[in-house]
Structures are given as C-alpha cells and as structure tokens.
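First comes the structure, then the notes that go with it.
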Amino acid sequence: MNIPAMPRLRFGELSAELPIIQGGMGVGISRSGLASAVADQGGIGVISAVALGLLQTGSAKSYYENNAQSLRREIQMARQRTNGLIGVNIMVALSDYDELLEAALDEDVDFVFLGAGLPLKFSDAVPPKRLQTMRTKVVPIVSSGKAARLILQYWSKRFGHVPDGFVVEGPKAGGHLGFKPEQIDDPEFDLRRLVPEVVKAVAPFADKHRKSIPIIAAGGVYSGYDIFDFLELGAQGVQLGTRFVATHECDADIKFKEAYVRSRKEDLTIIKSPVGLPGRALANDFLNDVANGEKKPFKCPWKCLKTCDYHQSPYCIAAALNQARKGKLDKGFAFAGANAWRVDRIVSVKELMQSLVQEYASCFDLRDNSLELREVVSA
C-alpha cells in the first residue's frame, strides 16, 4: 500500500514542500540560521523581527535605529543560504511595527506573520493597492474564530482584499499568550476546538473572494502524530517553535538549548509579563526573584512594546530574553511551549523534519489498523 506523503502547503502561487512552519521566536532565537535551515528542508523558515537591534554592538540610543536594518540583513543572509521560503514574524504591538513591516516588504520576503495584536491598520508603506498586488503573503496570528472574522470583515470592507492565511495559536504555545490566565487550561480553548472554529469563520470569506485561505495550527504541536490530527481537523499546515529550539541550527546559545533538554514538566510555568500578558516560560532563579518582589534594574533604550509600562516594570523583558539567548540564564529566562519537557536531545533540523514526516506517515497504518479492528469487532 502506498502511504500518502505530507501534503504541500500552498499560499496562492507559493508552495512549501512540507506543511510545516517554524515559529518566529525572539529575541534572536530564530534568525537567518534557523530560518534558512528549515526552508532548505522544505518547510517555511521564519525570522523573528523583535528587538534585533539589541544584538548589535553600539550605544543604547542606536538600538531602535538598528532594528529595521538588522531585519533587512537577516533576510538577506537567509536568502544567501537557501532558495526555500522565508517569512518574518512581526508583533503588531511593537513600537516600530510600521518600520519593520516596511523593511520586510521592501526585501520581498515570502511571508509576514503578524501576531500580538490585530493587524487592522497598515503603515503608509502599505496602501490598499500595494496590499492587493504585492508578492509577499500576509498571515495574521489569531487565537479565536472571532478574531479571524473581525480581521476578515475589516479587510474585506476597507481593502477589498483578505489575508492570505491564518495561524491559529492555542494556549499551549510558548511566550506571550493571547488568552486570559483562566483560559489557558480550560478545555474550551483547546487548539483542537479552535482550529475547526477558525476554519468555519474563514470559509465564507474564502468563497466570497474566490481565494484559498489556509489555516495553520500552532501552540503545542509537537509530533508528526499531531500534524496528522490537525490536518484531519481541517488545517492545511502547522507551526512549531519549541521543537526547533533544540536544533544545532537554532540561533541561540547552546546553554539556552540545553535548558530545554534538562527541563521537566513541572518547570513550565505561566508568568505575568511586564507587557501585561500571561506567558509560558521555563522557571529559573531569575523568575523566582521577580515573583518574590525583586526588581531588576534597567534602563529602557526605547519603549519597544506599546503596552509596556517600563516605569512600573520589575525588569526589561527584551533585555532578559536577550541575556537568555546568549546563555546567561541567571540574567534572564527562556520562553517555551507546554511540551518543552519532552525534548530530550539536540538534533539537526534535517533529522527533526525527517522524524516528523515518518511519524506522520505511520498514522495511516495506525488508522487503517484501527478501522480493521472495528470491522472485526462489529462483525
């Protein structure tokens, strides 16, 4: 029997060999190194645009100015390393959202994934005419069918155009979460419920605009078995972040990756971020100190997030994440998805992708065996 291969992931004329998107992880966790490695293996590699200026040498005053320039450089380096598909993850809540979006579009990146806020407005660099004709695909990240519907209604009325796809991110994701604390463990907000909800919300707009709008499942997707399940639920692809941290090609320091390998299930914790959102991270002494009321002194070079009240914040989250990226986990912490504790070793992106494909393929045998068993029992 021929086992079906993973289906391609299509966004109009752009087509990925595998329906796997690598999640954008800041600060500096997913840059050109990781993104190009994933793209080279048939997935969609994603560069996180947040606070890239922190990674450059120079005075604090230059960080803001370096962000867009650094993003352009990362896109260009990724292009030099692969002919595969490259995306950029840009947080709508960033103070320099407009500048970063313009930089990504000017570099003709394949995708922009827009999260941490609803992308209802665009900068002067993206007038409706450009939005309708540009090659770059725009994919908002949402946490509900309601949010997807709101974006679709606004875009359809205002621009005569709709997004090219949606990532629906559930509460098992790492980093900042688009859910209230009491919703995170509520079965009503499980990703397996959210995916069909978003599929249903998007369908009438896809019909109206005669356009395929793929739905991407994200947040807690770990294995090829998960990929099979979500494609069966109506998603056209998946997004994984945590799995790609523990790869040789990930742009973080080895100590950051080893923190994932050493982690236990009880190490995953929900924190209250300085930007006013819950977030999932690996517990450590830094976070314990903050939870006990300790304030970590810092100077804010620029207000990178619109919602951050840095005068009241006990620490700078961008600086803390950057220190962790460098392996200095005593001065920061690592965001991580709910399944980070399952990571037991560091592998290559190629090995990881191959294992996901093999697990996915084995699901057809499992399903067929289950059907045969049901037929025997019913007979």
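The values are calculated or read from the model by the stated rules, or taken from the named source; none is laboratory data. This is a predicted model, so every value here is computed, not measured. Every residue, glycine as well, gets a Cβ built from its backbone with ideal geometry; the counts of neighbours run over all protein chains shown.
Quick rundown of the values:
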item: Top-ranked residue of region 173-199 - restricted to ones that are at pLDDT 95 or above and β-branched (Val, Ile, Thr), ranked as farthest from the chain's Cα centre (by Cα); result: VAL199
item: Candidates ALA201, ALA235, ALA217, ALA173 - the one that is of a type in the set (A, V, I, L, M), out of contact with any helix residue (DSSP H, G or I) (no Cβ under 6 Å at 6 or more places or on another chain), within 25 Å of ARG8 (Cβ to Cβ) and in contact (Cβ under 8 Å) with a residue 12 or more places away in the chain; result: ALA173
item: Of residues in region 175-214 being β-branched (Val, Ile, Thr) and closer than 28 Å to ALA334 by Cα, the one surrounded by the most Cβ atoms within 10 Å (Cβ to Cβ); result: VAL195
item: Checking ALA252 against (1) out of contact with any Lys or Arg (no Cβ under 7 Å at 6 or more places or on another chain); (2) at pLDDT 85 or above; (3) farther than 22 Å from PHE179 by Cβ; (4) part of a loop (DSSP other than H, G, I, E, B), the condition it does not meet; result: (1)
item: Out of THR307, THR269, sole residue that is at pLDDT 90 or above, among the β-branched types (Val, Ile, Thr) and not in a helix (DSSP H, G or I); result: THR269
item: Matching option when the condition is in a strand (DSSP E or B) and under 23 Å from GLY175 (Cα atoms), among VAL46, VAL50; result: VAL46
item: All positions within region 111-129 that are surrounded by fewer than 22 Cβ atoms within 10 Å (Cβ to Cβ) and either over 23 Å from VAL168 (Cα atoms) or modelled with pLDDT of 95 or more (or both); result: SER123, ASP124, ALA125, VAL126, PRO127, PRO128, LYS129
item: Selection within region 81-100 - at pLDDT 90 or above and over 17 Å from VAL349 (Cβ atoms); result: VAL88, ASN89, ILE90, LEU100
item: Qualifying positions in region 3-16 - surrounded by 18 or more Cβ atoms within 10 Å (Cβ to Cβ) and in a loop (DSSP other than H, G, I, E, B); result: MET6
item: Residue check for SER36: at pLDDT 95 or above, in contact with a Ser or Thr (Cβ under 6 Å, 6 or more places away or on another chain), within 16 Å of GLN76 (Cα to Cα) and polar (S, T, N, Q); result: yes
item: GLY234, sole failed condition from (1) of a type outside the set (Phe, Trp, Tyr); (2) outside any loop (DSSP other than H, G, I, E, B); (3) on the phi > 0 side of the Ramachandran plot; result: (2)
item: Residue check for LYS272: basic (Lys, Arg) and closer than 30 Å to GLY332 by Cα; result: yes
item: Output for region 200-218, where each listed residue is over 21 Å from LYS137 (Cβ atoms) and modelled with pLDDT under 95; result: none
item: Meets criteria (in contact with a helix residue (DSSP H, G or I) (Cβ under 9 Å, 6 or more places away or on another chain) and of a type in the set (Asp, Glu)) for GLU17; result: no
item: Qualifying residue in region 45-66 (condition: at pLDDT 90 or above, out of contact with any Ser or Thr (no Cβ under 7 Å at 6 or more places or on another chain) and surrounded by fewer than 20 Cβ atoms within 10 Å (Cβ to Cβ)); result: no
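Conditions tested, residue by residue: (1) touching a Ser or Thr at 6+ places or on another chain (Cβ under 6 Å); (2) surrounded by fewer than 16 Cβ atoms within 10 Å (Cβ to Cβ); (3) under 21 Å from PHE11 (Cβ atoms).
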site	(1), (2), (3)
ILE75	no, no, yes
ASN83	no, yes, yes
LEU94	no, no, no
TYR97	no, no, no
LEU100	no, no, yes
LEU131	no, no, yes
